[in-house]
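One structure is given below, encoded as structure tokens.
The values are calculated or read from the model by the stated rules, or taken from the named source; none is laboratory data. Keep in mind that what you see is a predicted model, and the values were worked out from it rather than measured. Reconstructed Cβ throughout: ideal geometry from the backbone, glycine too, with neighbour counts over all protein chains shown. These area figures cover heavy atoms from the full protein model, side chains too; ligands, DNA and RNA do not enter into them. Shrake-Rupley method; radii C 1.70, N 1.55, O 1.52, S 1.80 Å.
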Amino acid sequence: MDRSLPQRLYLLCYSVDKGKFEAVNLRGLGQLLRAAALAELTLDGLLTADRGRVLRHAAEPPNDHFLAEVWRDVPEEPTHWLRIVHHKAATAEQPVRDQLAASGAVTLPSGRGPSPLASHYVTVNDPQQVLALRETVRDTVAAGRDPAALPADALAMAVLPVECERTSVFTREELREHKLTLRAFAERLDELVPGLRRALRDSFLLSGPAGGGGGVGGT
């Protein structure tokens with residue numbers, strides 16, 4: 001099934017061997033999902049990166065609810081990527097999670113529960129789909145392919161989780177092993193969506209241990 005970039009990155013954060021979203025992979029999840037949406041919107045021509053900033057084109061919003069929400073958050077005059085990545089990050093997970101639940105990809109928890117992580121107790125109904133996504137990213141990086149020959153979404157799938165220090169795709173040792181390849185992928189993504197990757201990293205660092213966005217530049 002064709003899924004948006006935010007949906008795919010959400011699934012990539014799931015640890016199949018643990019059968020859950022580990023806490024280490026939840027920090028900055030909202031920022032990651034918003035950055036994924038911004039990348040997809042830019043690559044689809046609905047946004048433009050302008051000297052390290054982003055602006056929205058006058059156009060019809062995308063059909064995808066979450067993408068449309070993020071698209072509307074971008075003004076028609078250039079603004080800093082960081083503001084849009086960080087803005088509403090704390091509420092970005094729910095709409096993506098709901099989309100996946102509506103398509104049958106995940107089952108949501110039945111109640112809130114006493115734990116602050118209770119809303120993240122999501123059941124992935126077909127773990128093999130997550131493994132397939134994971135192996136696609138891993139194989140792309142391990143092969144050391146020419147970044148210029150890769151689809152833009154493949155670059156984003158490999159690069160954006162690294163900025164949020166995800167461990168569900170690569171171990172820390174593997175990240176060191178593939179450091180040069182990932183750097184080349186990141187540089188290519190920077191050419192396609194200049195400024196976004198740095199904004200994601202900055203937003204992740206601003207999130208602190210508890211995660212979530214604080215609405216830089218207003219809410």
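Restricting GLU135, GLU177 to residues that are over 18 Å from the mean Cα position of the chain (by Cα) and more than 26 Å from ALA90 (Cβ to Cβ) narrows the list to GLU177. Within segment 150-183, restricting attention to residues that are farther than 14 Å from ASP139 by Cα and among the acidic types (Asp, Glu), the residue that is least open to solvent (accessible area, probe 1.4 Å) is GLU163. Those helices (runs of 4 or more DSSP H) of segment 1-114 in which 3 or more residues are of a type in the set (Gly, Ala, Ser) and within 12 Å of the chain's Cα centre (by Cα) occupy 29-43. Could you give me the residue pairs with C-beta distances under 9 Å whose first residue belongs to segment 169-189 and is under 11 Å from ALA158 (Cβ atoms) and assigned to a helix (DSSP H, G or I), whose second residue is aliphatic (A, V, I, L, M) and open to solvent by 60 Å² or more (accessible area, probe 1.4 Å) wherever it lies, and which are 6+ apart or on separate chains? The qualifying pairs are THR181/ALA142; THR181/ALA143; ARG188/ALA148. In segment 165-183, the qualifying residues are those that are touching a helix residue (DSSP H, G or I) at 6+ places or on another chain (Cβ under 9 Å) and of a type in the set (A, V, I, L, M), and the one that is nearest to GLU135 (Cα to Cα) is VAL169.
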